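Asker: Here it is, the structure, as structure tokens.
The values are calculated or read from the model by the stated rules, or taken from the named source; none is laboratory data. Worth saying up front: this structure is predicted, and the values here are computed from it rather than measured. For neighbour counting, all protein chains shown are included, and Cβ atoms are generated from backbone atoms with ideal geometry for every residue, glycine included. The protein model used for the area step is the full one, side chains on, heavy atoms only, and it has no ligands, DNA or RNA in it. Shrake-Rupley method; radii C 1.70, N 1.55, O 1.52, S 1.80 Å.
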Amino acid sequence: MSDEKLKALKNPRTPAPSDLGRKRALEASLLAFDEAQKKSAGATQGKGWGARLRSIVPTFTRTWTMDTRIAFGLGTAAVALLLLPLGYQLYTSTAITPLPRAIQTPVSKPETVEPAKPVTQQPVELKDSEADDAANIAAEPAPVTTEEMAAQKQALGGASPDAAEGRTAVVPMSAAEAPAGIAPPMDGTLSMSAASPEPMLAMPTEPRGDEFTSFTESPVKVVAEEPVSTFSIDVDTASYSYVRRSLTDGYVPEPDAVRIEELINYFDYDYPAAVSKAEPFKPTMRIYPTPWNPKTQLLQIGIKGYVPPAGEDKASNLTFLFDTSGSMDEPDKLPLLKRAFALLVDQLSANDTVSIVVYAGSAGVVLEPTKASDKAKILAALENLSAGGSTAGAEGIELAYRLAAQNKVADGINRVILATDGDFNVGIDDPEDLTTFIKAKRDEGIFLSVLGFGQGNLGDDTMQALAQNGNGNASYIDSFKEAQKVLVEEIGGTLETIAKDVKIQVEFNPAVVAEYRLVGYETRALNREDFNNDKVDAGDIGAGHTVTAIYEITPVGSGGALVDPLRYGDRPAADALPSDEIGFLKMRYKLPNVDTSQLIETPIKTDLGVSDIVQASDDARFAAAVAAFGQKLKGSNYGGTMSWDDIEALAQGARGADENGYRAEFIQLVNTAASLDPDR
């Protein structure tokens, strides 16, 4: 076959339509239809329906096929007729009736709620066949009215404490009771503002179970009546980490979780460091205008702990005491704990020793004292830790201190580091006995630090108490980044104490200062006589740690005094008092292995002040921004009307070098807090 014919076959031409072909096809189809009709017109096989049925039922041949089929069909139809009304009744009584829902209603205070208008339903005439269904539907419970809900709530114990405190109240409500024109969300929750009928998104619910020490904000003191203020320093930072996690998770922390001094002390400040461990720190003071009150000033007192030379390698004897209870089996608890302590192990030298003891889910020695040079063995012991089981404290903390005592190093660091999510069943059940035990070991030279992990079970109050009595610090590890900060960047301050029982006392000059208020440190307040009593415990400071305290002071004649002077009270002779001193600062401390305190004294001169906050240093302005943030977050009575934007602007302008980005992170937290708790 030629190539031309092959190509022609690949592209055949479609023939043109033919009228003749169309006609022949139609005639053929009609003829076929007529033949089919003739065949169907003939008589059918068999007999009529009844005769056919009888004709295939022989008496003795047991051929029952057609009889069974008809009977089965009739039975199926009967069952269907019986189940259909029952199915309809089940559908109308379950699928259509809305289930009760939860409506979250932010309430500023208990108010009288107007009853909801009843919904009038038009009567509907029903057929006889629907009478039973209608009766069943009518027997369903009627929607609960507002008055009935209030009565039920009262019977269950009265008004919700959340409503009384301005928090979110939860009341049951069906979808039919949602406000007119508002479709309830798919999850059945609807948030309504008491001040506005417009719906808004429900605020995230704060996790319950975390415990904090309750305290009242430090009040304003009149200098003429109480000129002396005494308190213990605080280097803990747990509050800031917890606040950060709370805001990041989308809710405002409870006020007792916000300790302003720990927020301020989370950040480093460029205070001059001491040059000798014999005098481990020296105070730095600044005075500048208060950003939230134009009629007052801020007195900032800062110290920075002595930093040992880089080449100094002091031996460390560390005992890790880990909680392995079932509640630790969460990603932000035991898994994070393992990664965090792996960072710490990596910082240790061959001169250091590590032991590991566990309690709660399991109990006993996981790792006998091991030189830090054997990192593989230590890390393997960490990796093999697992959480689970019920609480079984066994010896717990006593075993940890026993190991620490057996391997105690002279002139070195001897410390137990407790890590938990809040389970403090460490073998000594009574809190007072536990405190006494830790104090006794502290006096023997073995100190205690506490690291908290996770949420929902955190015993922050116990963490703080144990760390304070153990001459250690309390930190909250909410992320791997925080673990790096505490156990790598600040490893010296975490492990090595350069001064213990550090106390601060300020006497204000009534000729210059009318009133004062200590910002924060409510849980660290001391009596005036405690300052000179070396038996009274106080806070400790680690190598390189910075500590900041801020007083808000009201100058005489500024017009900012909150307390009126007494008509018949004694008034100091202003001429007999120095006019160039705001007050007098005293500080007491003990060296780590000494039981007698040493004294630092210095006057606070008026020439330390600046007239405009812009003239203050970056550190001073940033510390003021953090203080303002803490006051606003916890609802302080003394925070003035400073807005979130003002706080952000103040912090933004004082970021400074910010090598690790912590100040930039703080500015983001201010924005987050503003979105969760907007300015009114």
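Asker: Looking at 627, 651, can you tell me which residue is in contact with a strand residue (DSSP E or B) (Cβ under 8 Å, 6 or more places away or on another chain) and assigned to a helix (DSSP H, G or I)?
Answerer: On the way: 651 fails: in contact with a strand residue (DSSP E or B) (Cβ under 8 Å, 6 or more places away or on another chain).
Of the residues listed, the single one that is in contact with a strand residue (DSSP E or B) (Cβ under 8 Å, 6 or more places away or on another chain) and assigned to a helix (DSSP H, G or I) is 627.
Asker: Being touching a Leu at 6+ places or on another chain (Cβ under 8 Å), in a helix (DSSP H, G or I) and of a type outside the set (A, V, I, L, M, F, W, C) is the filter here, so list the residues in segment 654-680 that pass it. Lay out the reasoning, then the answer.
Answerer: Of all residues in segment 654-680, those touching a Leu at 6+ places or on another chain (Cβ under 8 Å) come to 669, 672-673, 676-677.
Next, from what is left, pick out any that are in a helix (DSSP H, G or I): 669, 672-673, 676.
Within segment 654-680, 672 is the sole residue that qualifies.
Asker: Taking segment 599-641 only, how many residues are of a type outside the set (A, V, I, L, M), touching a Leu at 6+ places or on another chain (Cβ under 6 Å) and farther than 19 Å from residue 669 by Cα?
Answerer: 1
Residues are listed down the side, and each one gets a yes or a no for (1) acidic (Asp, Glu); (2) without any contact (Cβ under 8 Å) to a residue 60 or more places away in the chain; (3) more than 30 Å from residue 645 (Cβ to Cβ):
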residue: 275; (1), (2), (3): no, yes, yes
residue: 318; (1), (2), (3): no, no, yes
residue: 329; (1), (2), (3): yes, yes, yes
residue: 387; (1), (2), (3): no, no, yes
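Asker: Testing residue 375 on (1) of a type in the set (D, E, K, R); (2) open to solvent by 50 Å² or more (accessible area, probe 1.4 Å); (3) under 31 Å from the mean Cα position of the chain (by Cα), one condition comes back false. Which one is that?
Answerer: Unmet condition: (3).
Asker: Find all pairs meeting these conditions: Cβ atoms under 7 angstrom apart; at least six residues apart or on different chains; first residue within segment 575-596 and in a loop (DSSP other than H, G, I, E, B); second residue crowded, with 17+ Cβ neighbours inside 10 Å and among the small types (Gly, Ala, Ser).
Answerer: Listed by first residue and then by second, the contacts come to 577/511; 579/511; 591/499.
Asker: For segment 433-552, which fully contained strands (runs of 3 or more DSSP E) count at least 1 residues that are open to solvent by less than 30 Å² (accessible area, probe 1.4 Å) and over 30 Å from residue 289 (Cα atoms)? Please lay out each step first, then the result.
Answerer: On the way: elements: 447-453, 474-477, 497-508, 513-519, 539-542.
Hits in segment 433-552: 447-453, 474-477, 497-508, 539-542.
Asker: Across segment 630-648, which residue is nearest to the chain's Cα centre (by Cα) among those that are of a type in the set (A, V, I, L, M) and in a helix (DSSP H, G or I)?
Answerer: Residues of segment 630-648 that are of a type in the set (A, V, I, L, M), as a first pass: 633, 642, 647.
Retained after the next criterion (residues that are in a helix (DSSP H, G or I)): 633, 647.
Working: 633: 14, 647: 22 Å.
Among residues in segment 630-648 that are of a type in the set (A, V, I, L, M) and in a helix (DSSP H, G or I), the one nearest to the chain's Cα centre (by Cα) is 633.
Asker: So which residues in segment 289-317 are within 30 Å of residue 231 (Cα to Cα), outside any loop (DSSP other than H, G, I, E, B) and either in contact with a Leu (Cβ under 8 Å, 6 or more places away or on another chain) or open to solvent by less than 30 Å² (accessible area, probe 1.4 Å) (or both), if there are any at all? Write out each step before concluding.
Answerer: Looking only at segment 289-317, we keep the residues that are within 30 Å of residue 231 (Cα to Cα), and these are 289-308.
After this cut, where a residue has to be outside any loop (DSSP other than H, G, I, E, B) as well, the list is 289-290, 293-304.
Hits for segment 289-317 are 289, 290, 296, 298, 299, 300, 301, 302, 303.
Asker: Restricting to segment 609-623, and then to whatever is small (Gly, Ala, Ser) and over 27 Å from the mean Cα position of the chain (by Cα), can you tell me which residue is nearest to residue 239 (Cα to Cα)? Reasoning before the result, please.
Answerer: To start, the set of residues in segment 609-623 that are small (Gly, Ala, Ser) comprises 609, 611, 616-617, 620, 623.
Subset that is over 27 Å from the mean Cα position of the chain (by Cα): 609, 611, 616-617, 620.
Values: 609: 30, 611: 32, 616: 27, 617: 25, 620: 21 Å.
Only one residue tops the list, namely 620.
Asker: Please go through (1) closer than 30 Å to residue 602 by Cβ; (2) assigned to a helix (DSSP H, G or I); (3) small (Gly, Ala, Ser) for residue 274 and return the number of the only condition it doesn't satisfy.
Answerer: With (1) closer than 30 Å to residue 602 by Cβ; (2) assigned to a helix (DSSP H, G or I); (3) small (Gly, Ala, Ser) applied to residue 274, the lone miss is (2).
Asker: Here's another thing I want to ask about it. Within the group 558, 597, which residue is over 39 Å from the mean Cα position of the chain (by Cα), surrounded by 16 or more Cβ atoms within 10 Å (Cβ to Cβ) and closer than 30 Å to residue 443 by Cβ? Even if it seems obvious, please write down each step before you answer.
Answerer: Values: 558 fails: closer than 30 Å to residue 443 by Cβ.
Step by step, each of 558, 597 is checked, and only 597 is over 39 Å from the mean Cα position of the chain (by Cα), surrounded by 16 or more Cβ atoms within 10 Å (Cβ to Cβ) and closer than 30 Å to residue 443 by Cβ.
Asker: Residues in segment 210-232 that are out of contact with any Leu (no Cβ under 6 Å at 6 or more places or on another chain) and farther than 26 Å from residue 510 by Cβ: how many?
Answerer: 5
Asker: A follow-up question, please. It is to be established whether one or more residues within segment 331-348 are in a loop (DSSP other than H, G, I, E, B) and surrounded by fewer than 18 Cβ atoms within 10 Å (Cβ to Cβ).
Answerer: yes
Asker: To continue, here is another question. Name every residue in segment 624-661 that is surrounded by fewer than 18 Cβ atoms within 10 Å (Cβ to Cβ), closer than 22 Å to residue 237 by Cα and either of a type in the set (D, E, K, R) or in contact with a helix residue (DSSP H, G or I) (Cβ under 8 Å, 6 or more places away or on another chain) (or both), in order of residue number.
Answerer: Across segment 624-661, the qualifying residues are 635, 652, 655, 656, 658, 659, 660.
Asker: Inspect segment 380-387 for any residue being at pLDDT 95 or above and more than 33 Å from the chain's Cα centre (by Cα) and give the result as yes or no.
Answerer: The answer is no; no qualifying residue exists.
Asker: Only residues that are among the hydroxyl-bearing types (Ser, Thr, Tyr), under 20 Å from the mean Cα position of the chain (by Cα) and open to solvent by 30 Å² or more (accessible area, probe 1.4 Å): list them for segment 238-288, please.
Answerer: Let us first name the residues in segment 238-288 that are among the hydroxyl-bearing types (Ser, Thr, Tyr), namely 239-242, 246, 248, 251, 266, 269, 271, 276, 284, 288.
With the extra rule that they be under 20 Å from the mean Cα position of the chain (by Cα), the set shrinks to 239-242, 246, 248, 251, 266.
Result: 248, single match.
Here's the yes/no breakdown for (1) within 29 Å of residue 499 (Cα to Cα); (2) modelled with pLDDT of 60 or more; (3) open to solvent by 20 Å² or more (accessible area, probe 1.4 Å); (4) in contact with a Lys or Arg (Cβ under 9 Å, 6 or more places away or on another chain):
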| site | (1), (2), (3), (4) |
| --- | --- |
| 196 | no, no, yes, no |
| 202 | no, no, yes, no |
| 217 | yes, yes, yes, yes |
| 221 | no, yes, yes, yes |
| 232 | yes, yes, no, yes |
